[in-house]
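Each reported figure results from applying straightforward, stated rules to the coordinates on display, with no laboratory input. This is a predicted model, so every value here is computed, not measured. Here the Cβ is made from the backbone with ideal geometry for all residues, glycine too, and neighbour counts use every protein chain on show.
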Amino acid sequence: MKPQAILFDCDGVLVDSEGATFELIQSEFAAYGLTLTIPELETLFLGGTIEIVASKGRELGAALPPDWVEGYYDRLYAMLREGTPLIAGIPELLERLDAEGIPFAVGSNGRGAKMEATLGQHPKIKARLEGLLFSGQDLGCPKPQPGLYLHCAEVLGVDPAACVVIEDSPAGARAAKAAGMRCLGYAPHGPAPRLAAEGAELFTSMLQVPALIGLS
């Protein structure tokens with residue numbers, strides 16, 4: 001059945017920002033005494049908030065200063081503004097949804113300022129999302145809580161059960177499931193068992209989405 005709305009995560013779904021994010025976390029943790037690989041960091045933190053990263057990092061032995069979170073955001077935004085590409089196939093997918101009359105919105109655990117830093121580089125895409133970018137941190141309901149996606153559905157005036165969420169993280173898939181929404185799990189690099197374990201239906205290219213949601 002064709003959905004009444006599509007709800008996108010942002011990082012790793014609309015924009016290719018996860019690599020830079022984890023590289024910066026890795027280097028910052030190392031500077032404060034904690035060495036972890038990128039796969040280890042992804043397992044621990046993919047889809048989470050930087051506040052959770054800081055708390056868990058300290059538990060694991062990183063001697064992060066009290067003001068680390070805000071300083072990290074400043075450094076991350078500067079890095080992302082140097083160039084953050086869109087995920088391949090996103091412009092075509094948004095055009096198809098518009099043509100089909102299917103509304104969409106974005107629910108991200110990142111702050112609104114982060115979406116400005118990344119999506120702001122792509123003005124045509126950002127213009128399509130005007131008034132439809134929602135931050136779980138800014139709203140006080142970060143994933144895996146369902147409130148962010150429920151808020152998106154309410155803004156669009158759509159029954160949550162008629163929404164499809166596109167996610168790349170277990171936390172996001174868990175939020176979709178808790179909100180009563182079908183979840184498509186974007187896994188471009190192959191098997192993603194933790195994402196599948198949360199009930200996400202895995203796919204590898206945004207060009208596959210129209211067929212997955214029942215568009216001819």
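Spatial offset of the range 35-53 relative to the range 62-86 amounts to 14 Å, using the alpha carbon center of each. Which of rounded, prolate or oblate describes the chain when judged by the alpha-carbon gyration tensor and an a/c cut-off of 1.5? Cα axes put the chain in the prolate bin. For the range 79-138, a/c is not less than 1.5, where a ≥ b ≥ c are the root eigenvalues of the C-alpha gyration tensor, and a/b does not top b/c. That puts it in the oblate class. Here is how the number arises for the chain: DSSP H runs of 4 or more residues each give -39500 (n - 2.57), the sum is divided by the residue count, and the result at 222 nm is -13500 deg cm²/dmol.
Highest mean packing comes first when the peptides 194-203, 104-113, 80-89 are listed by Cβ atoms within 10 Å, giving 104-113, 194-203, 80-89. The peptide list 175-182, 91-98, put in order of mean Cβ contacts within 10 Å with the highest first, becomes 175-182, 91-98.
Given axes a ≥ b ≥ c from the Cα gyration tensor, I'd like to know whether the range 139-185 is rounded (a/c under 1.5), prolate (a/b larger than b/c) or oblate. Judged from the Cα gyration tensor, the range 139-185 comes out oblate (a/c at least 1.5, b/c at or above a/b). Note on Ser55 and Asp98: the extension gain reaches 11.4 nm, defined as 0.36 nm multiplied by sequence separation minus the Cα-Cα distance. Per residue, the convex hull spanned by the Cα atoms of the range 1-119 amounts to 116 cubic angstrom.
Helix 90-100 and the long axis of the chain differ in direction by around 30°, with both axes built from C-alpha atoms.
For the range 85-136, relative contact order (Cα pairs under 8 Å, six or more residues apart, normalised by length) works out to 45 percent. Kindly provide log₁₀ I(q)/I(0) values, in the same order as q = 0.24, 0.27 Å⁻¹, from the Debye equation applied to equal alpha-carbon scatterers of the range 18-81. Those come out to -1.08, -1.40, one per q.
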